[in-house]
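> Below are the structure tokens for one structure; questions will follow.
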Amino acid sequence: MHELILVIEDEPQIARLARDYLAKNGYRVLIAADGAAGLALARRESPDLVLLDLLLPGMDGREVCRRLRAESAVPILMLTALAEDTDQIVGLELGADDYITKPFSPAVLVARVRAALRRAGERAAPSKLVAGPLVVDTAAHSAAYDGRPLRLTPNEFKLLAALARHAGQTLGREQLLDALHGADAADLPGFDRSVDSHVKNLRRKLEAAGADAELITTVYGVGYRLGGPPAEGW
Ligand code: CA
């Protein structure tokens with residue numbers, strides 16, 4: 001864990017409270033006392049979440065929120081006083097994820113932070129790719145067919161993950177080479193046959209786990225496809 005939280009808050013005692021609560025719960029915390037400093041810190045440190053006071057000297061919380069949102073998907077929790085217009089804060093206009101009214105309890109603060117981080121994590125990484133009986137877990141770096149684990153080399157895993165991510169669609173050699181070696185390598189002709197040999201090994205391992213030989217289909221002159229075309233149930 002140890003996610004980094006940036007607290008942008010000009011009232012020192014509130015900033016300290018937030019820092020202490022969050023640190024006690026295992027988060028790393030940075031504090032900025034005004035909007036411009038907060039924005040600069042956010043750009044430099046790429047925090048996992050920003051806790052942003054609405055009323056700040058100089059550049060106010062609304063403006064900081066707008067600018068942060070324009071350049072990143074970092075979750076933003078606004079700190080507000082009760083009287084402020086919370087609808088507008090969490091509305092599309094500003095793009096904040098949630099708000100917390102002051103004074104806040106430690107339990108509420110930590111729960112809101114945790115929830116926002118969890119939602120952001122789910123948005124960022126759907127780590128399990130499921131294509132029929134095939135499951136590829138990109139976070140755990142594991143794959144299984146019909147519950148039977150597949151023992152794959154790193155390159156075989158990358159190819160299978162790319163195919164599973166686009167199950168039912170044909171991936172051209174260029175896309176498969178991108179998946180294997182990154183975007184720069186697609187021009188190198190020597191890599192072309194490596195895709196074929198990895199696919200051959202993948203097929204052998206999938207078949208050993210009970211899959212049909214045609215689970216990875218050759219689309220002549222184009223590339224490969226995992227599963228049949230959409231009409232066949234993929
Ligand atoms: Ca303030």
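The values are calculated or read from the model by the stated rules, or taken from the named source; none is laboratory data. Predicted model only: the values in this text are computed from it and were never measured. Neighbour counts run over all protein chains shown; Cβ positions are idealised from the backbone, glycine included. These area figures cover heavy atoms from the full protein model, side chains too; ligands, DNA and RNA do not enter into them. Shrake-Rupley method; radii C 1.70, N 1.55, O 1.52, S 1.80 Å.
> Is it fair to say L77 is touching a Gly at 6+ places or on another chain (Cβ under 7 Å), away from the ligand (no atom under 12 Å from the Cβ) and part of a strand (DSSP E or B)?
No: the conditions fail for L77.
> Okay, moving on. Quickly run through region 110-145 and pick out the residues that are touching a helix residue (DSSP H, G or I) at 6+ places or on another chain (Cβ under 7 Å) and at pLDDT below 90.
Residues satisfying the conditions are L129, A131, T138, H141.
> Still on this structure, I have one more. Of R148, R203, which residue is open to solvent by 50 Å² or more (accessible area, probe 1.4 Å) and either at pLDDT 95 or above or at positive phi (or both)?
Values: R148 fails: either at pLDDT 95 or above or at positive phi (or both).
Of R148, R203, the one residue that is open to solvent by 50 Å² or more (accessible area, probe 1.4 Å) and either at pLDDT 95 or above or at positive phi (or both) is R203.
> Separate question: Give me the residue from region 32-49 that is within 15 Å of the ligand (Cβ to nearest atom) and closer than 20 Å to D97 by Cβ and, out of that set, surrounded by the most Cβ atoms within 10 Å (Cβ to Cβ). Full working, then the answer.
The initial filter retains those residues of region 32-49 that are within 15 Å of the ligand (Cβ to nearest atom), namely 32-38.
Checking which are closer than 20 Å to D97 by Cβ leaves us with 32, 35, 38.
Working: A32: 23, G35: 23, G38: 29.
Of everything passing the filter in region 32-49, G38 is surrounded by the most Cβ atoms within 10 Å (Cβ to Cβ).
> Which residues, counting only those in region 1-19, are within 12 Å of the ligand (Cβ to nearest atom) and outside any helix (DSSP H, G or I)?
Scanning region 1-19 gives V7, I8, E9, D10, E11.
> Which residues, taken from region 50-69, are part of a helix (DSSP H, G or I) and either over 21 Å from R118 (Cα atoms) or within 16 Å of the ligand (Cβ to nearest atom) (or both)?
Result: G61, R62, E63, V64, C65, R66, R67.
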